[in-house]
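The values are calculated or read from the model by the stated rules, or taken from the named source; none is laboratory data. Computed from a predicted structure; not experimentally measured. Ligands, DNA and RNA are excluded from the accessible area calculation, which covers all protein heavy atoms including side chains. Shrake-Rupley method; radii C 1.70, N 1.55, O 1.52, S 1.80 Å.
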Amino acid sequence: MKKKEKILQIGLISFGLILILATYFLYPNIKEKQIAENTIKSEIQKDEINEDKKNLFQNVEYRGYYDLDKPFIIKSEEAHIKEENSDLVYMNYMTVTLYLDDGRVITITSDEGKYNKRTYDCFFKNNVKATDSEVLIQAENLDLIASSETASAYQDVYLKTNSGSMWADKVDYNFKTNYYKISMLNDEKIKIKLIN
């Protein structure tokens, strides 16, 4: 029994020495490395924040013409441009106003959005609302491609006209013809009842 006790005591003393060595030599090195890594990460984040602040603008407004003769205005409370793609302007609280040939004025608002300065394309996101005083479209997303006369609203789309209202996954609205293409994203058949 004495031999077993000695082995147990030697084992406990060895374990205690390992804990002491780990506490005073190994743990401080690990903690030092973690502090160095956190410092590097925070410096990188500060650089990214400073880079964003360089390209941050308040109360932005763009004016122009699409199709050579139709004016538009794009406004944003706050916008920034990323260096990797300077054509895209990322906007918060974005408002676009389009003036059509038939006298209608279309206003589109959203909490977030992107505007391509080169192509004039606009991409709206979160709490999107589009109206021309006769038609109201609310959705989570809306894509307005300048080369197309159609706006595509998708994700939880609510469409309200003088004739009635409806919910859909996606609505393509043609500004010129005033026609809608209504679809479900999962290719389900949909039933629509029009009431005049």
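The slack in the chain from GLU83 to ASP102, taken as 0.36 nm per residue of separation less the alpha-carbon distance, amounts to 2.9 nm. Cα centroid separation, the stretch 125-180 to the stretch 60-114: 17 Å. The HN-Hα couplings worked out from phi for the stretch 163-179 by the Karplus form 6.51 cos²θ - 1.76 cosθ + 1.60 (θ = phi - 60°) are 7, x, 9, 6, 10, 7, 7, 8, 9, 9, 10, 8, 5, 5, 8, 6, 9 Hz, whole numbers, x standing for Gly and Pro. What the Cα atoms of the stretch 57-155 give is an Rg and a Dmax of 12.7, 40 Å. Accessible surface for ILE182 stands near 50 Å², nearest 10, in the context of the full protein assembly shown (1.4 Å probe). Shown for the stretch 132-178 is the translational diffusion coefficient from the Stokes-Einstein equation, using the Kirkwood radius over Cα pairs, a temperature of 25 °C and a viscosity of 0.890 mPa s: 225 µm²/s. Counting protein heavy atoms only, the stretch 72-173 has 42 percent of its accessible area on carbon and sulfur, 1.4 angstrom probe.
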